[in-house]
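Presented below is the structure to which this report refers.
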Amino acid sequence: MSLQRRTTLTKYLIEQQRENNNLPADLRLLIEVVARACKLISYHVSKGALGEALGTAGTENVQGEVQKKLDVLSNEILLDANEWGGNLAAMASEEMETLFPIPSKYPRGEYLLVFDPLDGSSNIDVNVSIGTIFSVLRCPNGSEATEDSFLQPGTRQVAAGYAVYGPQTVLVLTTGNGVNGFTLDRELGSWVLTHPNMRIPEDTREYAINASNARHWYPPVQQYVNELMAGKTGPRQADFNMRWVASMVADVHRILSRGGIFMYPADRRTPDKPGKLRLMYEANPMSFIVEQAGGAATNGRQRILEIEPKSLHERVAVFLGSKNEVERVTRYHEEGTTAA
Ligand code: P6P
């Protein structure tokens, strides 16, 4: 791709602002700052054992999960990058119990940024792809945010994206006008549009689920996955392939790139929790992106983006990706005899 003909993230956002006029300058700035923070996170991730950031931080996050040094560092990078710009009322993160209000020494703005600074961190030390996931909402009460300000359904997101730190570092973004992917040119430090208008095929022959949990699944998921595993000899009369990276960003990026269905269902181990993944900073941003790319995303019962959040760190069952497969597994839940 010649240097002259490349579209950078900045050029793309300015063209979006000009064409759709739905990209206020403050939101464009916010996206560019988050993208810049992801460049710095990518730098630290790619240093691996040559840097200071592998291993555990010796602390636990609000979820009770052991924090990796890179989890803590990535969270700090996003906070430091975004606290001074004047476009945010507050931030929230998987790594922080409650919201992070913008310090009084800085001006505040009308947006809320919520993120998983480094998703899939169990893969960090074994050099498997990980990523940053972010979601942008408007603050309903101006720039005075409370934790409740964040508790909005995913349909209210004004932007969402992720950066996948893999063989390439790729930023995937939606502002409600489709999905576009930008590859990081490390030598020039710029994000280059390499995946314009990403679309998810409505059908697929590839599924992603942690099959070691099969004995805990409720019947609708067991029925659906058993049919996939039966292949040509079963009711689907086709062979299916399985992939599970245990890094949502990597699995979702594969689905955006070639189709598939990603599942993290509720199961019998935690009848009080509807699954492992978090609504506000994993399921909602990924569902916005997937729907904007022509896919679907449900919790087995309803559209994820229509769920009314009750708490900042609430969990949700996730079925997302190729539309016809998500609709099938959701139908099995509706027809199912046991509530998921
Ligand atoms: P399991 C990573 O910890 C994560 O939140 C997602 O990125 C990933 O899809 C899932 O959990 C993996 O969970 O139970 O397979 O380790």
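Taking all protein chains into account, the per residue accessible area for the chain stands at 42 Å² (1.4 Å probe).
Candidates Phe262, Thr204, Val225 compared by Cα position along the dipole of region 185-269: farthest toward the positive end lies Val225, with charges placed on Cβ.
Quick one: grab the alpha carbon gyration tensor of region 16-56, order the square roots of its eigenvalues as a ≥ b ≥ c, and give me rounded if a/c is under 1.5, else prolate or oblate depending on whether a/b is larger than b/c. Prolate.
Residue separation of Trp84 and Trp244 scaled by 0.36 nm, minus their Cα-Cα distance, works out to 53.8 nm of gained length. According to the square roots a ≥ b ≥ c of the eigenvalues of the Cα gyration tensor, what is the shape class of region 32-161, taking rounded for a/c under 1.5, prolate for a/b larger than b/c otherwise, and oblate for the remainder? Taking the square roots of the gyration eigenvalues as a ≥ b ≥ c, region 32-161 is prolate. Per residue, the Cα convex hull of region 82-126 amounts to 80 Å³.
If R0 equals 25 Å, the separation of the Cβ atoms of Gln237 and Ser257 corresponds to a calculated FRET efficiency of about 0.45. Note on region 176-334: semi-axes of the ellipsoid equivalent to its C-alpha gyration tensor, largest first and rounded to whole Å, are 26, 20, 14. Dividing the radius of gyration of the alpha carbons in the chain by their Kirkwood radius gives 0.96 for Rg/Rh.
For the set Lys47/Lys68; Lys39/Lys69; Lys47/Lys69; Lys273/Lys310; Lys39/Lys105, the pairs lying more than 19 angstrom apart at their alpha carbons are Lys39/Lys105. Applying both filters, DSSP loop and at most 11 other Cβ atoms within 10 Å, to the GluC sites (Glu not before Pro) of region 179-243 gives Glu187. Once the chain from Arg301 to Arg186 is taken as fully extended at 0.36 nm per residue, the excess over their C-alpha distance is 37.2 nm. Highest average first, the peptides 270-277, 118-125 ordered by how many other beta carbon atoms sit within 10 Å of their residues are 118-125, 270-277. Just need log10 I(q)/I(0) for region 258-340 at q = 0.18, 0.26 Å⁻¹, Debye formula, equal scatterers on the alpha-carbon atoms, no solvent, rounded to two decimals. With one equal scatterer per Cα and no solvent, log10 I(q)/I(0) is -0.70, -1.34.
Given R0 = 25 Å, the distance between the Cβ atoms of Leu40 and Asn141 translates into a calculated FRET efficiency of 0.20. Given a Förster radius of 41 Å and the C-beta distance between His195 and Thr56 as r, what FRET efficiency does 1/(1 + (r/R0)^6) yield to the nearest 0.05? The pair His195/Thr56 has a calculated efficiency of 0.75. In terms of the mean number of neighbouring beta-carbon atoms within 10 Å, the peptides 56-62, 84-90, 18-24 order highest first as 84-90, 56-62, 18-24. In loop segments of region 64-105 as defined by DSSP, the trypsin sites (Lys or Arg not before Pro) with at most 13 further C-beta atoms inside 10 Å of their C-beta are Lys105. Assuming charge only on the beta carbon of Lys and Arg (+1) and of Asp and Glu (-1), the dipole of the chain about its Cα centre is about 820 debye to the nearest 20. Over region 155-237, one equal point on each Cα, no solvent: what is log10 I(q)/I(0) by the Debye formula at q = 0.13, 0.26 Å⁻¹? Cα-only, vacuum Debye calculation for region 155-237: -0.70, -1.18. Derived scalar couplings between HN and Hα for region 109-119 equal x, 9, 9, 10, 10, 10, 8, 9, x, 8, 8 Hz in order, rounded to whole Hz, by the Karplus curve 6.51 cos²θ - 1.76 cosθ + 1.60 (θ = phi - 60°), x for Gly and Pro. Taking GluC sites (Glu not before Pro) across region 289-338, the ones in a DSSP loop with at most 16 further Cβ atoms lying within 10 angstrom of their Cβ are Glu314.
Label sites at Gln168 and Arg5, each approximated as a point 7 angstrom past Cα along Cα to Cβ, lie 1.6 nm apart.
As a fraction of the 1.4 Å probe accessible area of region 110-172, surface on carbon and sulfur atoms comes out at 44 percent. In the chain, Cα pairs under 8 Å separated by at least six residues give a relative contact order of 15 percent. In this structure the amide hydrogen of Asp267, modeled in the peptide plane, comes within under 5 Å of the amide hydrogens of Gly275, none closer than 5 places in sequence on its chain. Oblate is the label for region 16-101. Its Cα gyration tensor axes, ordered a ≥ b ≥ c, give a/c of at least 1.5 and b/c at or above a/b.
The values are calculated or read from the model by the stated rules, or taken from the named source; none is laboratory data. Every value quoted in this text rests on a predicted model; they were computed, and no experiment measured them. Cβ coordinates were reconstructed from backbone atoms using ideal geometry, including for glycine residues, and neighbour counts include every protein chain displayed. Surface areas here come from the heavy atoms of the whole protein model, side chains and all, with no ligands, DNA or RNA. Shrake-Rupley method; radii C 1.70, N 1.55, O 1.52, S 1.80 Å.
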